[in-house]
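Report on the following structure.
The values are calculated or read from the model by the stated rules, or taken from the named source; none is laboratory data. Nothing here was measured: the structure is a model prediction, and the numbers come from that model. FYI the Cβ positions are ideal-geometry reconstructions off the backbone, even for glycines, and counts take in every protein chain you see. We work out accessible area using only protein heavy atoms, side chains counted, and drop any ligands, DNA or RNA first. Shrake-Rupley method; radii C 1.70, N 1.55, O 1.52, S 1.80 Å.
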Amino acid sequence: MTDQALPKGMIRATGTTGTHEGYMPGFGNDFETEALPGALPQGQNSPQKVEYGLYAEQLSGTAFTAPRGQNERTWCYRIRPSVKHTGRFEKIDVPYWKSAPNIDPDVISLGQYRWDPVPHTDEELTWITGMRTVTTAGDVNTQVGMASHIYLVTKSMEDEYFFSADSELLVVPQEGRLRFCTELGIIDLEPKEIAILPRGLVYRVELLDGPARGFVCENYGQKFDLPGRGPIGANCLANPRDFKCPVAAFEDRDAKSRVVIKWCGQFHETFIDHSPLDVVAWHGNYCAYKYDLRTYSPVGAILFDHPDPSIFTVLTAPSGQEGTANIDFVLFRERWMVAEHTFRPPWYHKNIMSELMGNIYGIYDAKPQGFVPGGMSLHNMMLPHGPDRNAFEHASNEPMEPVYQADTMQFMFETRFPQMLTEFAAKEAPLQDDYIDCWDSIEKKFDGKPGIK
Ligand SMILES: [Fe+2]
């Protein structure tokens with residue numbers, strides 16, 4: 001239908017100002033996009049012949065028979081089928097990128113740990129060689145658990161591509177901007193945003209400005225999903241429209257290229273003579289996407305007490321046991337603190353889940369000192385933790401007025417599995433030996449006599 005055919009006086013939308021060029025909004029939508037007109041077959045997935053001489057190929061992110069609401073696949077129309085994008089494989093060493101199970105007999109993972117930011121180096125490090133595993137949990141070969149990493153990137157990948165058959169990657173930049181050129185399109189990513197790169201998707205990572213540093217959660221298990229909101233209702237937390245999926249983009253480039261594959265915790269390389277980023281059009285719901293953490297709408301206490309931190313869940317990766325996540329990705333961002341007669345920071349607790357936190361920027365209310373941007377902490381399964389003495393005293397005595405917690409953004413990778421430290425985390429990374437001492441000066445106030453102390 002052309003505009004001429006519209007009823008008189010009726011104006012039809014052509015787009016929205018909030019949807020940035022190159023992206024499509026929505027979480028888990030069934031998208032369709034074509035970089036050349038007519039490249040996407042209409043009305044069927046696998047025509048006898050595809051326009052432009054393209055090959056049709058399905059990328060399945062779930063088992064064929066997964067329930068409809070979880071079933072994810074994308075149909076790609078590409079210059080060459082993916083079998084042309086790998087050859088024979090050779091094993092290679094990527095020594096700092098570890099997979100679970102990775103239990104080092106000389107490392108004690110039992111404890112509360114905190115790290116200063118891992119410093120940049122002058123070394124040339126790509127997305128692959130710059131990955132530094134901090135913790136692993138579960139077992140990559142049974143597709144349960146996760147790993148947490150720090151990445152330090154100083155060099156773009158050139159004629160080099162990567163995919164992980166083991167995992168989807170959740171990327172949390174802390175410094176510097178990255179460009180992910182993927183089979184399904186281009187994602188530009190900056191601090192305060194996150195990206196999800198699904199299992200099996202081929203991509204190249206370029207440095208837009210650097211050096212770049214950030215955090216990665218490598219999810220071995222079921223894909224990240226939006227959490228159920230329960231009584232919260234249909235809105236707030238992470239809203240589906242704020243997730244952005246790239247439109248199709250391809251390159252028809254002949255050059256000797258290296259493809260690195262992570263498969264069952266091991267790395268392999270294979271060489272081809274062209275770029276594998278050759279998907280001209282695609283449709284489906286299995287795709288890479290990004291999300292701006294500044295659009296997260298926190299819900300919290302508006303009268304008294306502090307809810308469980310799960311109230312701040314952005315994405316959750318289920319484990320098969322309802323309500324007990326393989327991974328929750330949780331965000332502590334700017335918000336108002338208004339609770340009355342309440343100790344407002346996170347309370348002291350012990351947790352069956354293990355909590356790895358990272359600081360993107362600003363000050364975290366339970367630890368005003370020592371947990372700096374770029375830093376991390378780990379409170380492992382059933383290890384007690386909570387505010388340090390200063391935070392406790394401040395929160396116990398502050399006037400109960402509304403306080404805006406400004407310029408702050410931390411996150412948590414929380415998993416049902418204990419997290420094992422790597423040798424890098426225990427011996428090379430800037431571990432704060434005195435972290436445990438932050439609770440030393442907490443005093444006994446109890447004297448057996450009634451009254452507020
Ligand atoms: Fe905690």
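Checking the condition outside any strand (DSSP E or B), touching a strand residue (DSSP E or B) at 6+ places or on another chain (Cβ under 6 Å) and either at pLDDT 95 or above or under 24 Å from residue 60 (Cβ atoms) (or both), which residue from 128, 186 passes?
So the residue among 128, 186 that is outside any strand (DSSP E or B), touching a strand residue (DSSP E or B) at 6+ places or on another chain (Cβ under 6 Å) and either at pLDDT 95 or above or under 24 Å from residue 60 (Cβ atoms) (or both) is 128.
Hey, could you check region 275-323 for residues that are polar (S, T, N, Q) and under 26 Å from residue 191 (Cβ atoms) and say which is farthest from the ligand (Cβ to nearest atom)? So that I can check it myself, show each step before the final result.
Kept after step one, since they are polar (S, T, N, Q), are these residues of region 275-323: 275, 285, 295, 297, 310, 313, 316, 319, 321.
Next cut, under 26 Å from residue 191 (Cβ atoms) only: 295, 297, 310, 313, 316.
Working: 295: 25, 297: 22, 310: 11, 313: 14, 316: 16 Å.
Step by step, filter region 275-323, then rank; the result is 295.
Cβ-Cβ under 8 Å, sequence separation 6+ or interchain: first residue in region 123-145 and under 22 Å from residue 203 (Cα atoms), partner in a strand (DSSP E or B) and aromatic (Phe, Trp, Tyr). Which pairs?
Close Cβ pairs satisfying both conditions: 127/151; 127/162; 128/162; 128/267; 130/151; 131/151; 132/151.
For region 199-222, how many residues meet the condition of being out of contact with any Asp or Glu (no Cβ under 6 Å at 6 or more places or on another chain), open to solvent by 10 Å² or more (accessible area, probe 1.4 Å) and either within 16 Å of residue 329 (Cβ to Cβ) or of a type in the set (D, E, K, R) (or both)?
5
Would you confirm whether any residue within region 261-270 is crowded, with 20+ Cβ neighbours inside 10 Å, modelled with pLDDT of 95 or more and among the hydroxyl-bearing types (Ser, Thr, Tyr)?
Among the residues of region 261-270, not one is crowded, with 20+ Cβ neighbours inside 10 Å, modelled with pLDDT of 95 or more and among the hydroxyl-bearing types (Ser, Thr, Tyr), which makes the answer no.
Given the options 243, 250, name the one that is among the aromatic types (Phe, Trp, Tyr) and either open to solvent by 10 Å² or more (accessible area, probe 1.4 Å) or without any contact (Cβ under 8 Å) to a residue 60 or more places away in the chain (or both).
Residue meeting the stated conditions: 250.
Which of the following residues is farther than 29 Å from residue 274 by Cα, among the hydroxyl-bearing types (Ser, Thr, Tyr) and modelled with pLDDT of 95 or more: 161, 203, 220?
Values: 161 fails: farther than 29 Å from residue 274 by Cα; 203 fails: farther than 29 Å from residue 274 by Cα.
Selected residue: 220, the only one of 161, 203, 220 that is farther than 29 Å from residue 274 by Cα, among the hydroxyl-bearing types (Ser, Thr, Tyr) and modelled with pLDDT of 95 or more.
If I ask for residues that are among the aromatic types (Phe, Trp, Tyr), away from the ligand (no atom under 15 Å from the Cβ) and either within 22 Å of the chain's Cα centre (by Cα) or closer than 20 Å to residue 384 by Cβ (or both), which ones from region 324-372 would you list?
361
Here are some conditions: (1) open to solvent by less than 20 Å² (accessible area, probe 1.4 Å); (2) within 26 Å of residue 29 (Cβ to Cβ); (3) not in a strand (DSSP E or B). Residue 281 meets all but one. Which one does it not meet?
If we test residue 281 against (1) open to solvent by less than 20 Å² (accessible area, probe 1.4 Å); (2) within 26 Å of residue 29 (Cβ to Cβ); (3) not in a strand (DSSP E or B), just (3) comes out false.
Residues in region 321-328: is at least one at pLDDT 95 or above, farther than 15 Å from residue 353 by Cβ and either among the small types (Gly, Ala, Ser) or loosely packed, with under 15 Cβ neighbours inside 10 Å (or both)?
no
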